[in-house]
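Have a look at the structure below before the remarks.
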Amino acid sequence: MTEKHTIMGGKVYVYRRENSKYWQCSTFLAGKNHRSSTKEESLSCAKDFAEDWFFTLRDKDRQGLIKNEKTFKQVADRFEHEYETSTKGTRSPKWVEGHKARLRLHLVPFFGDKGLSEITAGLVQDYRMHRMETAKKPPARSTLHDEVVTLRQVLKVAIRYNWLDHLPDMSQPYGAQGKVVHRPWFSKTQYEKLYKATRQNAAATGGRHKKSAQDLHDMILFAANTGLRPDELFNLEHRDIEIVEDADTDETILVIEVRGKRGVG
């Protein structure tokens with residue numbers, strides 16, 4: 001049976017659970033219950049501890065240091081557990097470890113004790129400035145981008161559980177576009193020249209290299225007509241492709257499950 005006492009006019013409870021030698025203390029402050037172990041076996045010493053503990057909590061509340069919401073650190077811990085479990089087989093261990101490293105080294109030390117509502121567009125920009133000003137070598141644009149991606153992933157967990165209403169604006173306010181890069185492509189004339197050359201090469205090649213030449217020609221046709229990225233193309237397996245009859249067009253088409261850097265699509 002729990003032995004219980006009150007102090008501070010009933011504001012603080014001091015109690016000891018059955019089979020425990022230490023006294024505990026608890027109070028309701030700033031909209032939530034707070035508990036702590038006094039680490040004391042003596043009731044009088046436990047009451048002294050509980051009184052000091054209560055005054056410390058009250059001072060923190062007056063300074064706005066007691067959070068009535070989830071902190072970034074709490075949500076980051078939830079994200080790490082969920083992300084690693086739910087992405088097994090679709091994300092490389094190195095990619096998952098990258099999120100963990102960015103949280104451990106940079107994001108949690110800066111945002112960790114902040115309540116979710118305190119993470120605003122201004123604070124995100126403060127983080128960028130902090131990283132630029134405190135690092136021995138300013139981080140690359142891509143490095144900061146990856147860190148903000150991890151930050152966004154954590155905040156999306158908070159939205160999923162209704163701990164946060166919306167994402168703050170995390171866009172780069174100055175010089176967001178580092179450089180303009182256009183992906184190269186073949187013109188229609190160049191593509192025709194390419195596939196005709198590979199077709200002629202497949203027909204002219206004999207011996208042990210003939211199958212490789214035929215496969216090269218098939219790959220050129222397949223890549224050009226599906227628009228797959230090189231990494232997606234090279235990861236493709238027979239199990240990822242299904243031949244189906246399209247009811248709308250009465251055509252035979254391929255349904256492809258693409259496994260690339262963004263998962264399966």
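Look at the dipole of the chain built from charges on Cβ: of Ser212, Gly122, His5, the Cα furthest out on the positive end belongs to Gly122. Given 4 °C and 1.567 mPa s, how large is the Stokes-Einstein diffusion coefficient of the range 110-154 in µm²/s, with Rh as the Kirkwood radius over Cα pairs? Rounded, D is 116 µm²/s. Taking a ≥ b ≥ c as the square roots of the eigenvalues of the Cα gyration tensor, the range 185-227 is classed as oblate, since a/c reaches at least 1.5 and a/b does not exceed b/c. Ordering of 88-98, 67-77, 34-44 by packing is 67-77, 34-44, 88-98, highest average first (other Cβ atoms within 10 Å, averaged per residue). Between rounded, prolate and oblate, where does the range 72-160 land on the alpha carbon gyration tensor, with a ≥ b ≥ c its root eigenvalues, rounded for a/c under 1.5, else prolate if a/b exceeds b/c? Oblate shape, in that a/c is at least 1.5 and b/c is the bigger or equal ratio.
If the chain linking Arg229 and Gln172 were pulled fully straight, counting 0.36 nm for each residue of separation and taking away their Cα-Cα distance, it would gain 17.8 nm.
Summarising the label geometry, the points placed 7 Å from Cα in the beta-carbon direction at Asn19 and Glu3 lie 1.8 nm from one another. Does the range 187-265 come out rounded, prolate or oblate, given a ≥ b ≥ c as the square roots of the eigenvalues of its C-alpha gyration tensor, rounded meaning a/c under 1.5 and, failing that, prolate meaning a/b above b/c? Note, shape of the range 187-265 comes out prolate. Please list, by residue number, everything in the range 70-112 whose backbone N is under 13 Å from a paramagnetic label point 7 Å out along Cα→Cβ of Arg160. Inside the label zone: 75-88.
Shown is the FRET efficiency for Lys193 and Phe222, computed with R0 = 22 Å from the Cβ-Cβ distance and rounded to the nearest 0.05: 0.80. Given the Cα-Cα distance of Arg208 and Thr252 and 0.36 nm per residue of separation, how much length would full extension add, in nm? Result: 12.6 nm gained on full extension. Based on DSSP H segments of at least four residues, each scored -39500 (n - 2.57), the chain has a per-residue ellipticity at 222 nm of -15000 deg cm²/dmol.
Between Ala121, Ala30, Ala202, the GNM of the chain built on Cα springs shorter than 10 angstrom shows Ala202 fluctuating the most.
Normalised Debye scattering of the chain at q = 0.08, 0.13, 0.16 Å⁻¹ gives log10 I(q)/I(0) of -0.62, -1.07, -1.22, counting only Cα atoms as equal scatterers and leaving out solvent. Between the range 179-253 and the range 1-68, the C-alpha centres lie 71 angstrom from each other.
Readers should treat all values here as calculations from the given coordinates under stated rules, not as data from a laboratory. All values derive from a computational prediction rather than experimental measurement. Note: ideal-geometry Cβ built from the backbone for every residue, glycine included; neighbour counts use all protein chains shown.
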